[in-house]
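First the structure, in the form of structure tokens, and then the observations on it.
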Amino acid sequence: MPKTLRIALAGLVAAALAYLVWSSFHTAKFRVEVCVAYHGLSACRTAEGRTQNEAFRAAHDNACSQITAGVTGTLGCQNTPASSVVWNP
């Protein structure tokens, strides 16, 4: 393999790795704590996301995963309004 091709490939790999590291540190713009009560159980979880909806959905789904089991319980909990929502800076 020619030396210039190796240098170009190494530069491309380094650029891709630099982008992955940079983007992993600059993803979350919103942070929220969501509490959910479902069938007498409750859980609170915090999540971050690029958008408010993404952060809220992740926190809500994580809270539901702590208090439900199975598809029916998960879907029922996901359709339940949050009992508490706290947006953090």
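What follows is calculated from the coordinates using simple rules that are stated; it is not laboratory data. Everything quoted here is computed from the prediction, not taken from an experiment. As a convention, Cβ positions derive from the backbone with ideal geometry for all residues, glycine included, and neighbour counts pool all protein chains shown.
Observations on the model:
- In terms of other Cβ atoms within 10 Å, S23, S42 run from fewest to most in the order S23, S42.
- Proxy reagent accessibility, fewest Cβ within 10 Å first, across R57, R50: R50, R57
- Ranking of H39, H60 by count of other Cβ atoms within 10 Å, fewest first: H39, H60
- Span-rule helices in the chain, defined as complete DSSP H runs reaching 18 Å or more along the axis (Cα) with Kyte mean at least 1.0: 3-25
- Ellipsoid semi-axes in whole angstrom, largest first, where each is sqrt(5λ) of the Cα gyration tensor of the chain: 42, 15, 8
- This model, with +1 at the C-beta of Lys and Arg and -1 at the C-beta of Asp and Glu, gives the chain a dipole about its Cα centre of some 420 debye.
- When the charge dipole of the chain is built from unit charges on Cβ atoms (+1 for Lys and Arg, -1 for Asp and Glu) and taken about the Cα centre, the candidate among S42, V86, S24 whose Cα reaches farthest toward its positive end is S24.
- Taking 0.36 nm per residue of separation and subtracting the Cα-Cα distance, full extension of the segment from C35 to N62 would add 8.7 nm.
- Helical content of the chain, expressed as a calculated mean residue ellipticity at 222 nm, amounts to -18000 deg cm²/dmol (DSSP H runs of 4 or more residues, -39,500 (n - 2.57) each, divided by residue number, nearest 500).
- In this calculation the C-beta distance from A18 to T46 is compared with R0 = 22 Å, giving a FRET efficiency of 0.15.
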